[in-house]
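Down below is the structure, laid out as structure tokens.
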Amino acid sequence: MSGVRTDWDVLVIGGGPVGACAAALLQRATAKARRSLTVGLLEPARPTPPAPDAPLDARVSAWSRASERILRAAGAWEHMAPQRMEPYERMCVWPETLSARSPQALMFDAAYAGEANLGVIAENRLAQCAALEAFAASGGTILPETLSAVTIGEQAVQVRTGSGIERCRLLIGADGAHSRVREAVGLFAHAHSYGQKAIVANVRTERPHEHTAWQRFLRTGTLAFLPLADGSSSIVWSVDEAVAGELLGMDGPAFEQALLTASDGVLGTVRLCTERAALPLRRVQAERFTAARCALIGDAAHVVHPLAGQGVNLGLLDAAALAECVLRAHRAGEDPGAMSPLRRYERWRKSELVPLALAIDAFNRFLAHGAGPLSRLAQRGLSWVNRSDEVKRFFITRALGLAGELPEAARRGDAWLS
Ligand SMILES: Cc1cc2nc3c(=O)[nH]c(=O)nc-3n(C[C@H](O)[C@H](O)[C@H](O)COP(=O)(O)OP(=O)(O)OC[C@H]3O[C@@H](n4cnc5c(N)ncnc54)[C@H](O)[C@@H]3O)c2cc1C
């Protein structure tokens, strides 16, 4: 058809950490193969990598072991500066009614599972830039364009961008929570607001963070201190919108005092070292993750509450699972956009995701807003978890991202290609 600029095998929309990783996995796995795949990526807002000595961004995530392996398989991990990443060894979780130092507070130690750490805390931008770099280094093409419309045909998909038309056999929607791809191909998503905002900032604390992620369940939400590589901590304070308004309206010293109180002084006094940012929290769950010649991954398919630190980790598992299904079809000489690999991907990831998303919601309802009898029961449940090494190991395996049916890249990392 006239006007089409390029025919791609796969076109990924959105070069966030998840889309960039999916593109890099596909490109890397077939770059040297006899039958390669042509992979394009649309990303209108490619960030610049942080300078080695620049202060750490306030948007960070806890990257699980499974995510580390997937980033390695994509060739991205080697581009992530180790001095900007903090391996965290423990996670302490405690409700408002207890002190973090009390024996009833839940302490998950990587050593219980025979691991050196539970994962790393690193900036989102660091991983995103590394995955984009890995994709480009293995021969992938990044187009600085925005998708505006999609037409699905029997043999191909046409994508309209700000400056022309691209065509592909498989379209991957990795364009985040407000996915234009999801809307354009008519995939319905259940969405509801939690009525909360997450306030994020980096802080210096009086006491060292002890390479530990601290999370307190409060009646008004959750407060997490994530340890950072420069000794500071990243706070993620999820609170009801009205409370968020009050906290954001405070001047620096008043906010620092509120943080000290809400954290029960677990790390001593607190001093802000970045601006505060507030992100509205909502849950999104696409009813289907696939349509003809199209698959959704990452936040485009599902958005969960940040209290469990799972969002991007689930997205990277989507990326690796989809890449595995598509590559298997491609190696068998099938069309990468055929329905059978897409259905396999959808069944696989939905069966892992739906129960987990429900569990995260239950944590938010009963632990983070704890007042009624169910909440008291849930809080008693925490001390029960504390008494059983086996249950603790179960949660640690979840935190490492190593539970459930894992894609090969999440099991084998770089060895995935051999
Ligand atoms: C406060 C907070 C804390 C969090 N902490 C954690 C944590 O500790 N661990 C964890 O696992 N997760 C965490 N998350 C979740 C995590 O941040 C998200 O799940 C993750 O960023 C989603 O990545 P993504 O690549 O799917 O989407 P995004 O990062 O949203 O990327 C989407 C990309 O698509 C591009 N795009 C959008 N529209 C178009 C278009 N029309 N055409 C072309 N491109 C387009 C955008 O420019 C963007 O680059 C947290 C979230 C919040 C809010």
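FYI, it's all coordinate maths here, none of it is from the lab. Everything numeric here is computed off the predicted structure, so don't read it as measured data. Using ideal geometry, Cβ is built from the backbone for each residue, glycine included, and neighbour counts are taken over all protein chains shown.
Some values worked out for this structure:
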item	result
Cα-centre dipole for the chain with unit charges at Cβ (Lys and Arg positive, Asp and Glu negative), debye to 20	920
P(r) weight above 23 Å for region 284-373, C-alpha pairs, percent	31
Positive-pole candidate from Met107, Gln158, Ser67, dipole of region 42-177, charges at beta carbon	Gln158
Charged-residue dipole, Cβ positions (Lys, Arg, Asp, Glu), region 274-371 about Cα centre, Debye nearest 20	180
Cα-based Kirkwood hydrodynamic radius, the chain, one decimal, Å	22.0
DSSP H segments from the chain that extend 18 Å or more along their own axis, Cα-based, with Kyte-Doolittle mean of 0.0 or above	17-30, 124-137, 311-331
Dipole axis of the chain (+1 Lys, Arg; -1 Asp, Glu on Cβ), positive-most option in Pro336, His79, Asn117	Pro336
log₁₀ of I(q)/I(0) at q = 0.19, 0.23, 0.27, 0.31 Å⁻¹ - region 74-132, Debye sum with one point per alpha carbon	-0.78, -0.90, -1.02, -1.14
Pairwise Cα inverse-distance average, inverted: Kirkwood Rh of region 184-258 (Å)	14.2
